[in-house]
Every structure is written in C-alpha cells, then in structure tokens.
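Trainee: For reference, the structure I am asking about is given below.
The values are calculated or read from the model by the stated rules, or taken from the named source; none is laboratory data. The structure presented is a predicted model; accordingly, all values stated were derived computationally and were not measured. All Cβ positions, glycine included, derive from the backbone under ideal geometry; neighbour counts span all protein chains shown. Heavy atoms of the whole protein, side chains included, go into the accessibility calculation; ligands, DNA and RNA do not. Shrake-Rupley method; radii C 1.70, N 1.55, O 1.52, S 1.80 Å.
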Amino acid sequence: MQDDDLVAVGQFDNDIEAQQAINLLAEHGIVAQMNDDGGAFDLGIGELPAVEIIVVSSNFEKAQALLADLEVVQGETCPAWTCKCGEEVDEGFFACWSCGAEYSAE
Ligand SMILES: [Zn+2]
C-alpha cells in the first residue's frame, strides 16, 4: 500500500470554486490539484462538468474536514451589496471584484 496515492476529495461546479478549495488546502499545508481528465469539456453545452480535486491519500481526512467548512460558506447566499470602496458587487459574490474585500452583513 502506497502512501502517495491520489484520491478525489471533492467536486466543484467550476474551476473557480475548485481553485478556492485548492487555495484553502494550501493554506493548511495540503497540496491539492484539479483532476483534469481532458475530456470533460466535450460534454454538451449548458452541462458543465464537475471539477474534481485530488490530494494524496495521507491528507484525505484532513482535506475533507477543511472542505466541509468551505461548503458551509458556499451554501450561504448574499444579496447584491455595495463595498466600502464604493463598487457594487453582484448577488452571490462574497468578495469585491475591485478591491477584494469580503462581504459583511450589516
Ligand atoms: Zn471593494
């Protein structure tokens, strides 16, 4: 049994969400990557493939726990809001596209 097997730890709707997860894991010292099998984008228009991210099996449980926290955050929604920098941010975006500040309900 090898310790460096790669296992899928989560699925995301798009590359952006997958990258957020990878960044989160990286902050905790876990290297993760997208499982790009190359053929996914041949699916029909309007049917986006899920993006899988993979980690070494020895990190699987820790990664799964971290991603569980991330999914809680993603499950929330937010209305359109105006950032303190003055830019208007569209509904569903928790970070300002202009300055990167995070949404905070007031
Ligand atoms: Zn801003």
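Trainee: Could you check segment 79-91 and list, in sequence order, the residues that are within 9 Å of the ligand (Cβ to nearest atom) and either within 16 Å of Gln20 (Cα to Cα) or open to solvent by less than 70 Å² (accessible area, probe 1.4 Å) (or both)?
Mentor: Cys83, Cys85, Gly86, Glu87, Val89
Trainee: Would you mention how many residues in segment 92-102 are within 18 Å of the chain's Cα centre (by Cα) and either at pLDDT 95 or above or more than 10 Å from the ligand (Cβ to nearest atom) (or both)?
Mentor: Residues meeting the conditions: 3.
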